[in-house]
Amino acid sequence: MIDVPVLVVGGGPAGMSLALLLDRLGIPSLLAERRPATTNHPKARGCHDRTMEQFRVWGIEDRVRRAGLPATSDVACWCESLNGPLVAYTQPAPSTNTPAPRSIVPQDAVEEALDHALSTRPGAQVRRSTELLTFAQDAAGVTARLRSRDTGEEFEVRAQYLIGCDGANSQVRTTLGVEMEGPEVLSLMANHYYRADLSHLPHVRSAIGFLVRPTDLERPDVNVLATGPDGNRWLAVQKLADGEVPFSEEHLVQLVREQWEMPDLEVERINVLNWTMSAQVARHFRQGRVFLAGDAAHRFPTAGGNGLNSGVQDVHNLAWKLAMVLSGHGTEELLDTYESERRPVARSNTDFAVRNQQRIDKMDVAFRQREEHPEAWRKLLAEQDKQLHTEG
Ligand SMILES: Cc1cc2nc3c(=O)[nH]c(=O)nc-3n(C[C@H](O)[C@H](O)[C@H](O)COP(=O)(O)OP(=O)(O)OC[C@H]3O[C@@H](n4cnc5c(N)ncnc54)[C@H](O)[C@@H]3O)c2cc1C
């Protein structure tokens, strides 16, 4: 039996940020993460101003920024082929209200930076390859059963609070019986993370992502996102039609060569990730001594990049309140303000992301009709500012 004030389940960006914050506030915690290491897939690709401000305070801003794209990169470029002319592109607004502006940085690098910071904090015990099996709460605390995936050994943890940072399919949320509001499946997606050295192409080094919409409708629409500043790692995002399976590696290699119009390009698929685009918020963020944060509490469409960022802001809101209550300076009512403050933000971020996603879907149609209806296309392009010029 391990006794600890706070048990954090899940070591993604939300869980690691929480453990780090608690340690900074002098509260020991145990973080249990099912996977053996931080993510090997780039997933989220942007830390907004507010997240970077916090990373500055935690001493990881520079490390995160070094792994990101140049601040002046164009955001999204529409084209028919990656080697052809860019038909339209949108540029980020400069962040003028903060000394720590946003960074377009892949999630794997953010997780590495958080993990590195945690390794220097003695109060935060991180147990990887360790999964939550069950938990139950009573008036004084929570008892959880965990298992090491390396040895099969099971053990119990007694904590005053348990925080479920265990992602979109949260077991903590399911065990609590907390329902999600909103549509679970907007679309099914497959992300293909690949290596191909394109660093010699000037336009490649100055853009975050390309929306490739070929004239030949037989060829798929695939978004291609730069991963890191070197122009050699990419993410191809495939929207799956009903019953469609992700491209095989062979198909991907052929598609990438076609998209870049380079028949001899060396392409290596690093990994592939299937995911579901949802627009859901948990009905409750707290039940007794158990809290939900990050994707466990809300799942947004990715347009607008609020997933990782909202998770960091959730735990930033929660950590100091837990510290106040655990040190006897605050009452239980303070902890109720976590839900009353963060749930409305999650709902508004969901609406924002859904609107962004709907606009992008309309743009796919307008792009192909841009010669017949240039005004409609230009109007939607200008409206993209609503997504891209937000400071998050
Ligand atoms: C393709 C893609 C693109 C995205 N793009 C963006 C973007 O541009 N901007 C943005 O902000 N967000 C983006 N997101 C969303 C972002 O990745 C998530 O919002 C973010 O990872 C959520 O962080 P989290 O810590 O809440 O959850 P996660 O990162 O999902 O971490 C949860 C962790 O809990 C662990 N876990 C689960 N169950 C257990 C258990 N029983 N015991 C122990 N551990 C457990 C998991 O292994 C996992 O490591 C994207 C996501 C995807 C899939």
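Using θ = phi - 60° and the Karplus curve 6.51 cos²θ - 1.76 cosθ + 1.60, what whole-Hz ³J(HN,Hα) does each residue of the stretch 136-146 get, with Gly and Pro shown as x?
9, 10, 9, 5, 9, x, 10, 10, 10, 10, 10
Nearest 10 degrees is fine. How inclined is helix 107-119 to the longest principal axis of the chain, computing both from alpha carbons?
The angle comes out near 30 degrees.
Is the shape of the stretch 22-77 rounded, prolate or oblate, going by the alpha carbon gyration tensor and its root eigenvalues a ≥ b ≥ c, with a/c under 1.5 for rounded and a/b larger than b/c for prolate?
Values: a/c = 2.92, a/b = 1.50, b/c = 1.95.
Oblate.
Starting from the stretch 248-296, pick out the chymotrypsin sites (Phe, Trp or Tyr not before Pro) whose DSSP state is loop and whose Cβ has at most 10 other Cβ atoms within 10 Å. Provide the component values of the computation, followed by the final result.
Working: sites: TRP260, TRP275, PHE285, PHE291; in loops: PHE285.
Qualifying residues, ordered by number: none.
Considering every Cα-Cα pair within the stretch 170-313, what fraction, in whole percent, is farther apart than 25 Å?
Here the long-distance tail beyond 25 Å is 41 percent of all Cα pairs in the stretch 170-313.
Test of understanding: in a Gaussian network model of the chain with alpha carbons linked when under 10 Å, which of PRO106, PRO36, PRO301 would top the mean-square fluctuation ranking?
PRO36
Where does helix 249-260 land angle-wise versus the long Cα axis of the chain, in degrees 0 to 90, nearest 10?
Approximately 50 degrees, to the nearest 10.
Given a 1.4 Å probe and heavy atoms of the protein chains only, how would you sort GLU53, GLU341, GLU218, largest accessible area at the top?
Details: GLU53 50, GLU341 90, GLU218 165 Å².
Sorted by accessible area, descending: GLU218, GLU341, GLU53.
Given R₀ = 22 Å, what would the calculated FRET efficiency be for GLU181 paired with THR276, taking r from the Cβ atoms and rounding to 0.05?
Numbers: r = 16 Å, r/R0 = 0.73.
Given R0 = 22 Å and the Cβ-Cβ separation, E is 0.85.
Determine ³J(HN,Hα), in whole Hz, for all residues of the stretch 80-90 in sequence, where each value follows from phi through the Karplus function 6.51 cos²θ - 1.76 cosθ + 1.60 and θ = phi - 60°; x replaces Gly and Pro.
Per residue, the Karplus-derived 3J(HN,Hα) values read 8, 8, 6, 9, x, x, 7, 6, 7, 8, 10 Hz.
Can you pull the three principal axis extents for the Cα set of the chain, in Å, largest first?
Result for the chain: principal-axis Cα extents of 67, 43, 40 Å.
What residues qualify as long-range amide H neighbours of LEU31, i.e. H under 5 Å apart, gap of 5 or more or another chain, H built at 1.01 Å from N?
Distant-sequence amide H within range of LEU31: VAL8, GLN125, VAL126, ARG127.
At a threshold of 8 angstrom on Cα-Cα distance, excluding pairs fewer than six apart, so keeping six or more, what relative contact order does the stretch 156-246 reach in percent?
Working: 103 pairs, mean separation 25.3, N = 91.
Result for the stretch 156-246 is 28 percent.
Relative contact order for the stretch 51-103 using alpha-carbon pairs under 8 Å, separation at least 6, rounded to a whole percent? Each step should come with its number before you reach the end.
On the way: 52 pairs, mean separation 21.4, N = 53.
Averaging sequence separation for qualifying contacts and normalising by length gives 40 percent for the stretch 51-103.
Using alpha carbons only, how many degrees (0 to 90, rounded to 10) separate the axis of helix 374-383 from the longest principal axis of the chain?
That works out to roughly 20 degrees.
Give, in nm to one decimal, the length gained when the segment between ASP351 and LEU334 is fully stretched (0.36 nm per residue of separation minus the Cα-Cα distance).
Values: separation 17, 0.36 × 17 = 6.12 nm, distance 2.72 nm.
Once the chain is fully extended between ASP351 and LEU334, it gains 3.4 nm.
Using θ = phi - 60° and the Karplus form 6.51 cos²θ - 1.76 cosθ + 1.60, what ³J(HN,Hα) does each residue of the stretch 271-283 get, whole Hz, x for Gly and Pro?
Result, ordered by residue: 6, 10, 10, 8, 8, 10, 7, 10, 9, 9, 10, 5, 5 Hz.
With a 1.4 Å probe and every protein chain left in place, work out the accessible area per residue of the chain in Å², rounded to a whole number. Each step should come with its number before you reach the end.
Details: 17380 Å² over 392 residues.
Heavy-atom accessible area per residue stands at 44 Å².
For the chain, what does the relative contact order come out to in percent, with C-alpha contacts under 8 Å and a separation of six or more? Could the numbers behind the result be given before it?
Working: 810 pairs, mean separation 81.6, N = 392.
Contact order relative to length: 21 percent.
What does the charge count near ASP3 come to, summing +1 for each Lys or Arg and -1 for each Asp or Glu among other residues with Cβ under 13 Å from its Cβ? All intermediate terms of the calculation are to be shown ahead of the outcome.
Numbers: positive: ARG158; negative: GLU156.
Net local charge, ASP3 excluded: 0.
Want the number for ASP230 to ASN83: 0.36 nm per residue separation, take away the alpha-carbon distance, what's left? Could the numbers behind the result be given before it?
On the way: separation 147, 0.36 × 147 = 52.92 nm, distance 1.77 nm.
Taking 0.36 nm per residue and subtracting the Cα distance, the gain is 51.1 nm.
How many nm is it between the label spots at ALA382 and GLN358, if each spot is 7 Å from the Cα in line with the beta carbon?
My value for the distance between the label points is 2.1 nm.
Taking all protein chains in place and a 1.4 Å probe, what share, in percent, of the accessible surface of the chain do carbon and sulfur account for? Display every interim value, and only then the final one.
Values: 8550 of 17380 Å².
In the chain, the share of accessible area belonging to carbon and sulfur is 49 percent.
The values are calculated or read from the model by the stated rules, or taken from the named source; none is laboratory data. Here the structure is a predicted model, which is why all the values come from computation and not from measurement. A quick note on method: Cβ atoms are made from the backbone with ideal geometry, for glycine too, and the neighbour counts reach across all protein chains shown. The accessibility values were calculated without ligands, DNA or RNA, using every heavy atom of the protein model including side chains. Shrake-Rupley method; radii C 1.70, N 1.55, O 1.52, S 1.80 Å.
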